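*Asks:* Encoded as structure tokens, here's the structure I'll be asking about.
Just so you know, all these numbers are worked out from the coordinates, no wet-lab data involved. Because the structure is predicted, anything quoted here is derived from the model rather than measured. Don't worry about glycine lacking a Cβ; one is built from the backbone with ideal geometry, like all the others, and counts go over all protein chains shown.
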Amino acid sequence: MKKKFAFDKVNYILLAVGMLIVIIGFLLMTGPSTTPDHFEPDIFSARRIKVAPVVCLIGFVSIIYAVMRKPKN
């Protein structure tokens, strides 16, 4: 008797890719921080305030797609 799962192999692959994209987005947000003694202008770089959030959004949308995708039977 074959068990029926809610997801198939493709769903899990898409889910893993989406999670990897989100992790990459969060890594793009990292960098040096401002301290009380030193101001770091890199906190306003385009990579940290524009690119990284868009990458995270794409990752979250792909995760939602992976969850909502209906497996082929």
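*Asks:* Compute the long axis of helix 52-68 from its Cα atoms, compare it with the longest principal axis of the Cα atoms of the chain, and write down the angle in degrees, 0 to 90, nearest 10.
*Replies:* On a 0 to 90 degree scale, this one is about 10.
*Asks:* Round to the nearest 0.05 the FRET efficiency obtained for Phe5 and Ile58 when R0 = 22 Å and r is the Cβ-Cβ distance. Numbers along the way, then the final one.
*Replies:* Values: r = 26 Å, r/R0 = 1.20.
Step by step, r from the Cβ atoms, then E = 0.25.
*Asks:* Which residues in segment 56-73 place their backbone N less than 18 Å from a point set 7 Å from the Cα of Ile13 along the Cα-to-Cβ direction?
*Replies:* Zone members listed by number: 62-73.
*Asks:* Let me ask another. Please work out, to two decimal places, the log10 of the ratio I(q)/I(0) at q = 0.16 Å⁻¹ from a Debye calculation in which every Cα of the chain carries one identical scatterer.
*Replies:* Summing over Cα pairs of the chain leads to -0.65.
*Asks:* Can you compute the helix-only [θ] at 222 nm over the chain? Use -39500 (n - 2.57) per DSSP H run of at least 4 residues, normalise by all residues, nearest 500 deg cm²/dmol.
*Replies:* On the way: 2 runs with 38 residues, N = 73.
Roughly -18000 deg cm²/dmol at 222 nm, from the helical runs in the chain.
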